[in-house]
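Enquirer: Okay, here's the structure, questions in a sec.
Nothing in this text is a laboratory measurement; each read-out follows from the coordinates by a stated rule. These figures come from a predicted structure and were not determined experimentally. Note that we place each Cβ from the backbone using ideal geometry, even for glycine, and neighbour counts take in every protein chain shown.
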């Protein structure tokens, strides 16, 4: 097992460092390899655990300005890079940690939003679109948000390579307005087309998983 890494276990909304790469099927983990941050999600992991792990990725995106790369994987779909880093001691066992998150309003219903910001003439129009990477268009700006309370939210402003300046401005404004629904100080991340992070990509995986669980 590589020495230059930190493994965090998501326990009751907190990230707890662990020494051995022994993961529970019902939990989520964050593995910091320095240049790459991995989010590992057990097949029975609860939605709140997934979002806490993903929020950590978002925070790293924000603090390190996109460096290192952030990626995610579900149990059984581990990338070879991650397996090599975890080493031969890595194993997955049945079990989970009670998901009693003290910072999350458990009555909050997960909310995924994807909004196109498009300039038509001199006017800006907002259009809710299907929550899918296929909805992204190089000519426009999109607000992509996954919300689960103040302690577990991910909000990105995705900027197409051909987007106009006015679309970029109002896209960022729209992201902040969504963020302010849940906290006073907005913290959103702007991503340009081709520079998508693992945290951004994770949102689409989380959405598909959420729809399956409904």
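Enquirer: Quick one: if the Förster radius is 22 Å, what FRET efficiency do residue 4 and residue 196 give, using the C-beta to C-beta distance and rounding to 0.05?
Expert: 0.30
Enquirer: To check my understanding: the extent here is largest minus smallest coordinate of the Cα atoms along each principal axis. What are those three numbers for the range 111-213, in Å, largest first?
Expert: Cα spread of the range 111-213 along its principal axes, largest to smallest: 41, 31, 22 Å.
Enquirer: Calculate, in nm to one decimal, what residue 135 and residue 77 gain on full extension: separation in residues at 0.36 nm each, minus their alpha carbon distance.
Expert: 18.4 nm
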